[in-house]
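What follows is a short report on a single structure.
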Ligand code: UDP
């Protein structure tokens, strides 16, 4: 099989490329290197089953040509990371909306199976309502903050991608599946775009201050990249998944304070853990969410997904990765 991965030089895309090549497939990557890096795919460049194009998915002509050549498409190209959204809102919205529109249009024209990467951000603040619902389910309502709070632009743009994907499925019979990724972590994730684990690990290894935003009592559930790439490949080998939305995450929850302590301990670090207000990091117009924990029953039933890595192993692996760099 020949796979096209948009955003294939990024953290998740490049790990997915490795997995697909390992499984004996051909992989073509299109990436504009806005957040992706050649360094993530350099090791594949001599492989006959691998090809990459440094280009933007706004280039519809090239995109359509690559889609036509492929059997299956993974659409992972997006503007991601809370910091990027806070700093470049125009680019975020346009990349996420127009880029996905292009991918869906090209896949529809050539009738290619496609997986659209969405995000757990689309649930917004749902878990905080009325004391919070327990686990986020694909059929739950969404609850975003006001449009004056920039953070929600990411969720809104991705929600529109989901609506458009389902519209293509219903109206044009496009075989499309949507995956809502929860906090995914592992090797190649960059600290630059604000993600918490690479930031904590980098600072811990340098014995610099570990900065926890807000009171640190907000929780997240982290999924190791290998669990994610396994599920992404498995999903596209099934038939019954099209027209469906799946949470892809890990039910295990940890507070950011606990995460800071865990990283410090496992890295054997002398870092001081400090708390800083959100405004200081992101400027005005930022609103965080207190919890974000998935109900993963649907994907478990669809493909037998069971996360293999707990938070202890995840932190150890990320520390090991940074130590060797
Ligand atoms: N965070 C933090 N320190 C950092 C980076 C992030 O305390 O150096 C917090 C952030 O405010 C959020 C959580 O960690 O509450 C997860 O942040 P991340 O950007 O990794 O993902 P999010 O879940 O917000 O998309």
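The values are calculated or read from the model by the stated rules, or taken from the named source; none is laboratory data. This is a predicted model, so every value here is computed, not measured. Virtual Cβ from ideal backbone geometry, glycine too; neighbours counted across all protein chains shown.
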Worksheet item: If you check 30, 57, which single one turns out to be part of a loop (DSSP other than H, G, I, E, B), farther than 26 Å from residue 221 by Cβ and touching a strand residue (DSSP E or B) at 6+ places or on another chain (Cβ under 6 Å)?
Response: 57
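Kindly check whether there is at least one residue in the stretch 187-196 that is in contact with a strand residue (DSSP E or B) (Cβ under 7 Å, 6 or more places away or on another chain) and crowded, with 17+ Cβ neighbours inside 10 Å. Reasoning before the result, please.
Step one: of the stretch 187-196, the residues in contact with a strand residue (DSSP E or B) (Cβ under 7 Å, 6 or more places away or on another chain) are none.
No, every residue in the stretch 187-196 fails to be in contact with a strand residue (DSSP E or B) (Cβ under 7 Å, 6 or more places away or on another chain) and crowded, with 17+ Cβ neighbours inside 10 Å.
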Worksheet entry | Subset of the stretch 101-131 (residues that are part of a loop (DSSP other than H, G, I, E, B), more than 14 Å from the ligand (Cβ to nearest atom) and buried (at least 16 other Cβ atoms within 10 Å of the Cβ)) | 112
Worksheet item: Conditions: (1) assigned to a helix (DSSP H, G or I); (2) touching a residue at least 40 places away in the same chain (Cβ under 8 Å). Residue 43 meets all but one. Number of the miss?
Response: (2)
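Within the stretch 132-142, identify whether any single residue is buried (at least 22 other Cβ atoms within 10 Å of the Cβ) and under 14 Å from the mean Cα position of the chain (by Cα), and answer yes or no. Lay out the reasoning, then the answer.
Kept after step one, since they are buried (at least 22 other Cβ atoms within 10 Å of the Cβ), are these residues of the stretch 132-142: 136.
Now narrow it down to the ones that are under 14 Å from the mean Cα position of the chain (by Cα): none.
Within the stretch 132-142, none of the residues are buried (at least 22 other Cβ atoms within 10 Å of the Cβ) and under 14 Å from the mean Cα position of the chain (by Cα).
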Worksheet item: Going by the conditions given, is residue 96 under 17 Å from residue 166 (Cα atoms) and at pLDDT below 95?
Response: yes
Discussion item. I want to confirm something. Restricting to the stretch 61-88 and keeping residues that are out of contact with any strand residue (DSSP E or B) (no Cβ under 9 Å at 6 or more places or on another chain) and at pLDDT 90 or above, which single residue is surrounded by the most Cβ atoms within 10 Å (Cβ to Cβ)?
Written reply: 64
Practice prompt. Check whether at least one residue in the stretch 89-100 is away from the ligand (no atom under 16 Å from the Cβ) and in contact with a strand residue (DSSP E or B) (Cβ under 7 Å, 6 or more places away or on another chain), and report yes or no.
Written response: yes
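I'd like to check which helices (runs of 4 or more DSSP H) are fully inside the stretch 235-321 and have at least 2 residues that are more than 16 Å from the ligand (Cβ to nearest atom) and over 23 Å from residue 208 (Cβ atoms). Explain how you work it out, then say what you get.
On the way: elements: 256-266, 278-282, 297-303.
By residue number, 297-303.
Kindly indicate whether residue 97 is surrounded by fewer than 18 Cβ atoms within 10 Å (Cβ to Cβ), in contact with a helix residue (DSSP H, G or I) (Cβ under 7 Å, 6 or more places away or on another chain), at negative phi and in a helix (DSSP H, G or I). Before you say what the answer is, go through the steps one by one.
Values: surrounded by fewer than 18 Cβ atoms within 10 Å (Cβ to Cβ): yes; in contact with a helix residue (DSSP H, G or I) (Cβ under 7 Å, 6 or more places away or on another chain): yes; at negative phi: yes; in a helix (DSSP H, G or I): yes.
Criteria met by residue 97.
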Worksheet entry | Filter result for the condition that a residue is assigned to a helix (DSSP H, G or I), within 13 Å of the ligand (Cβ to nearest atom), modelled with pLDDT of 90 or more and touching a strand residue (DSSP E or B) at 6+ places or on another chain (Cβ under 8 Å), over 168, 154 | 154
Worksheet item: Say we look at the stretch 194-234 and pick out the residues that are under 24 Å from residue 74 (Cα atoms) and assigned to a strand (DSSP E or B); which of these is nearest to the ligand (Cβ to nearest atom)?
Response: 223
Item to complete: From (1) over 23 Å from the mean Cα position of the chain (by Cα); (2) farther than 20 Å from residue 220 by Cβ, pick out the condition that doesn't hold for residue 277.
Response: (2)
Item to complete: Go through the stretch 171-186 and give me each residue that's away from the ligand (no atom under 16 Å from the Cβ) and surrounded by fewer than 22 Cβ atoms within 10 Å (Cβ to Cβ).
Response: 171, 172, 173, 175
Worksheet item: Counting only residues that are outside any loop (DSSP other than H, G, I, E, B) and either free of Cβ contacts under 8 Å to residues at least 60 places away in the same chain or in contact with a helix residue (DSSP H, G or I) (Cβ under 6 Å, 6 or more places away or on another chain) (or both), how many does the stretch 64-82 have?
Response: 6
Discussion item. Just the residues that are part of a loop (DSSP other than H, G, I, E, B) and touching a residue at least 60 places away in the same chain (Cβ under 8 Å), please, taken from the stretch 1-26.
Written reply: 1, 7, 8, 10, 23
